[in-house]
Amino acid sequence: MAAATMRAAVYHGAKDVRIEERDVPVAGPGQVLVRVTRSGICGTDAGEYQHGPGMFPVHRRHPASGHLGPMVLGHEFIGEVVEHGEGADFLAGRRVATGAGVSCGDCAWCLAGRTNLCARYWTLGLNADGGLAGYAAVPASTCVPIPDGCPDDAAGLAQPLAVGLHAARRADVAPGETVVLVGAGAIGSFILCGVAGVRPERIIALDVDEARLATARALGATETYDVSSRDPVDLVRELTSGEGAPLVIEASGVSGAAQRAVRMTARGGRVLLVGLAHGPQELDLSDVILREVDLRSTVAHVCGEDIPAALHLLTAGGIAEHLLERVIGLDALVPDGLDALVERRSTGKILVDPWH
C-alpha cells in the first residue's frame with residue numbers, strides 16, 4: 001500500500017460527524033482491502049446522526065463486532081480490491097460490491113440460508129468501521145464481483161437495492177394482485193423495484209411528496225397518490241371497492257403507520273412492515289386476528305442471493321437514473337448529505353465519493 005493514512009467520516013455522537021485522518025486498515029485473514037469508490041447514506045445514518053447513538057457502538061461495545069468508540073460510517077459501499085489477506089481469493093483490481101452484513105456461517109439461521117438473522121450478525125458501518133473512507137477492510141464473504149457493464153454510480157446502489165429485493169421476496173408478491181406501497185422514499189423506491197419485477201396487476205404508491213411519487217411512477221407504480229391532505233385508509237378502501245388491498249407494504253415508519261396499514265388490508269391479506277418508527281406504536285391485534293391478516297417483517301438482505309440479483313438489475317439499466325439524486329464529496333457529507341436527509345431536502349439516493 002502506498003498510502004499510510006486516509007480520510008474517513010467518523011461518527012462521535014449526535015450531530016458530531018468529523019472528517020478525520022485515519023490509518024489505512026490492514027486486511028486480516030479472510031478479508032480484502034477495498035479502495036472505496038462510492039459509499040451511500042440512508043435513513044439509518046441520518047437517524048443516528050440526529051438522535052443517536054442508538055445502534056452505533058460508541059458508548060457500549062458491540063457483542064459481535066467488538067467495536068467500542070467513534071466509528072467510521074458507511075454500510076453501503078463498493079470499490080476495488082487492492083490487497084487480500086490469507087484465505088481471501090479476490091484478485092487485486094477486481095471491483096466488488098459489499099453486502100456489509102457479516103454472518104458467522106455456523107448458526108442455525110446461517111445454515112438455513114437466512115444469514116441476515118445470524119445469531120452473531122453485525123454490519124460494517126453500523127456496528128464497526130465501515131466504508132465512508134478511502135479504504136475499508138471487509139470479509140471476502142460479503143463481497144460480490146461487479147459486472148463489467150455496471151458503472152460505479154449504479155453499482156453503488158447495490159446494497160440498498162438488495163434490501164428492497166429481499167423485502168419484496170418476504171412479501172411474496174404475486175402476479176395479478178393489488179399491492180399498496182406506503183412511503184415512496186429511499187427504501188420504498190428500492191422495494192418498488194422488486195415488486196414491479198413480479199408484475200402485479202396494480203401497484204398503488206402513497207406518499208406526501210410529488211417528486212417521490214414521480215419516481216415511483218418511473219419505477220413501475222401503476223397509480224400514485226399524494227396523501228398529505230387526505231386519509232390514506234379511506235383512499236385505499238375507495239380504490240379497492242371497499243375491500244382493502246391483498247398486500248400492503250408499510251415503508252414510511254411514521255407514527256401510527258402500522259395500524260393504518262392493517263386497516264388498508266383486505267380480509268385474509270398481509271402486511272409487510274419495513275419502516276422503523278422511533279418509538280412504540282399501538283396496534284389493534286383484535287382486528288388482525290378477526291380478519292386473519294398476516295403480519296410480516298423484513299430486515300437487511302441475504303448477501304449471497306440479493307446482492308447478485310441487485311447487480312444484475314443495475315447492470316441491465318433503467319433503474320439507477322431514477323434512484324440516484326447526486327454524488328457528493330466527503331467534505332460535503334454533513335451539509336449536503338446527512339443534514340439533507342434529516343431536513344427532508346433529498347428526494348433520491350445520495351452517494352459519496354470519498355476521494356473528492
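Here's the yes/no breakdown for (1) closer than 28 Å to L324 by Cβ; (2) modelled with pLDDT under 95:
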| residue | (1), (2) |
| --- | --- |
| V17 | yes, no |
| E21 | no, no |
| G28 | no, yes |
| G40 | yes, no |
| T44 | yes, yes |
| H51 | yes, yes |
| M55 | yes, yes |
| H62 | no, no |
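Here the condition is being among the small types (G, A, S), in contact with a Phe, Trp or Tyr (Cβ under 9 Å, 6 or more places away or on another chain) and surrounded by fewer than 21 Cβ atoms within 10 Å (Cβ to Cβ); of G329, G275, it holds for G329 alone. Between P139, P160, the distinction of being over 15 Å from the mean Cα position of the chain (by Cα) and in contact (Cβ under 8 Å) with a residue 12 or more places away in the chain belongs to P139 only.
Checked against (1) more than 20 Å from the chain's Cα centre (by Cα); (2) modelled with pLDDT under 95, M6 passes all but a single condition, namely (2).
Under 6 Å between Cβ atoms, at least 6 apart or on separate chains: pull out the pairs that start in region 194-221 with a residue that is without any contact (Cβ under 8 Å) to a residue 24 or more places away in the chain and end on any residue that is surrounded by 15 or more Cβ atoms within 10 Å (Cβ to Cβ) and not in a helix (DSSP H, G or I). So the pair list comes out as R217/T224. Do we have any residue at all in region 20-38 that's touching a residue at least 60 places away in the same chain (Cβ under 8 Å), out of contact with any Ser or Thr (no Cβ under 9 Å at 6 or more places or on another chain), under 20 Å from P308 (Cβ atoms) and among the hydroxyl-bearing types (S, T, Y)? There is at least one residue in region 20-38 that is touching a residue at least 60 places away in the same chain (Cβ under 8 Å), out of contact with any Ser or Thr (no Cβ under 9 Å at 6 or more places or on another chain), under 20 Å from P308 (Cβ atoms) and among the hydroxyl-bearing types (S, T, Y).
Residues that are over 20 Å from P147 (Cβ atoms) and touching a Pro at 6+ places or on another chain (Cβ under 6 Å) within region 76-94 comprise G85, E86, G87, listed in sequence order.
Quick check: anything in region 17-38 within 21 Å of E86 (Cα to Cα), of a type in the set (A, V, I, L, M) and surrounded by fewer than 17 Cβ atoms within 10 Å (Cβ to Cβ)? Checking region 17-38: at least one residue is within 21 Å of E86 (Cα to Cα), of a type in the set (A, V, I, L, M) and surrounded by fewer than 17 Cβ atoms within 10 Å (Cβ to Cβ).
Restricting attention to region 199-226, which residues are more than 10 Å from G185 (Cα to Cα) and among the acidic types (D, E)? Residues satisfying the conditions are E201, E210, E223, D226. For region 163-192, the candidate set comprises residues that are touching an Asp or Glu at 6+ places or on another chain (Cβ under 9 Å) and either without any contact (Cβ under 8 Å) to a residue 12 or more places away in the chain or in a loop (DSSP other than H, G, I, E, B) (or both); within that set, the residue that is surrounded by the most Cβ atoms within 10 Å (Cβ to Cβ) is A184.
Close Cβ contacts (under 6 Å, 6 or more residues apart or on different chains) running from residues in region 266-279 that are in contact (Cβ under 8 Å) with a residue 40 or more places away in the chain and under 22 Å from S189 (Cα atoms) to residues that are of a type in the set (A, V, I, L, M, F, W, C) and outside any loop (DSSP other than H, G, I, E, B) comprise R270/L247; L272/A171; L272/I249; V274/A167. Among the residues of region 110-119, not a single one is out of contact with any His (no Cβ under 8 Å at 6 or more places or on another chain) and within 30 Å of D339 (Cα to Cα). Considering the conditions (1) buried (at least 23 other Cβ atoms within 10 Å of the Cβ); (2) farther than 29 Å from I19 by Cβ; (3) within 16 Å of the chain's Cα centre (by Cα), S103 is excluded by exactly one of them, (3).
The values are calculated or read from the model by the stated rules, or taken from the named source; none is laboratory data. Remember, predicted model here, so these are calculated numbers, not experimental data. Counting neighbours? That spans all protein chains shown, and the Cβs are built from the backbone with ideal geometry, glycine included.
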